[in-house]
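Student: Please read through the structure below; I'll follow up with questions.
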């Protein structure tokens, strides 16, 4: 706890630096040394498991969380790998292996996936999070809690 006893809680707007890396040290993303990000805890900007790490911590202290795959971005679900007819793809986006594709959902919003295979009539698209099955190290430092 810091000298003011201030700790984060859901609903807080926080300014923070973070680093996300694989357990072997390969950096995935970082704001340390650059501009921090600002978010509201509970608004869904972060993966829920990462966001949970930010609840109940104090500003101006650096925290390092080592998360197994199921504690971070989850484990791949084979049911999230779908065969989609090529005519369903946007004309401007080729359905080639490695392509990242976003599809509009009938209920609103969109879902992104990666094309993993293509046949003459279909493309197999993996809608699992790109970091599923990956244990990570999540390092954070809250610069400020902004409360109204």
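Laboratory data are not the source of any read-out in this text; all were calculated from the coordinates shown. The shown structure was predicted, so the numbers you read here are calculated from the model rather than taken from an experiment. Note that each Cβ is placed from the backbone with ideal geometry, even for glycine, and that neighbours are counted across all protein chains shown.
Student: In segment 76-91, how many residues are over 14 Å from residue 127 (Cα atoms) and surrounded by fewer than 12 Cβ atoms within 10 Å (Cβ to Cβ)?
Tutor: Selection size over segment 76-91: 4.
Student: Let me ask something additional. Which one is surrounded by the most Cβ atoms within 10 Å (Cβ to Cβ) among residues in segment 105-118 that are over 18 Å from the mean Cα position of the chain (by Cα) and closer than 19 Å to residue 131 by Cβ?
Tutor: Selected residue: 115.
Student: Applying the selection to segment 92-104, what residues are surrounded by 13 or more Cβ atoms within 10 Å (Cβ to Cβ) and within 17 Å of the chain's Cα centre (by Cα)?
Tutor: 101
Student: Considering only segment 70-148, give the strands (runs of 3 or more DSSP E) lying wholly within it that have at least 3 residues that are without any contact (Cβ under 8 Å) to a residue 60 or more places away in the chain.
Tutor: 81-85, 100-104, 110-118, 122-126
Student: Further question on the same structure: So residue 69 clears everything in (1) under 30 Å from residue 117 (Cβ atoms); (2) surrounded by fewer than 15 Cβ atoms within 10 Å (Cβ to Cβ) except one condition, right? Which one?
Tutor: Evaluating residue 69 over (1) under 30 Å from residue 117 (Cβ atoms); (2) surrounded by fewer than 15 Cβ atoms within 10 Å (Cβ to Cβ) leaves (2) as the failure.
Student: Something else now. Looking at segment 15-56 only, could you name the residues that are over 25 Å from residue 130 (Cβ atoms) and surrounded by 14 or more Cβ atoms within 10 Å (Cβ to Cβ)?
Tutor: Correct list: 15 only.
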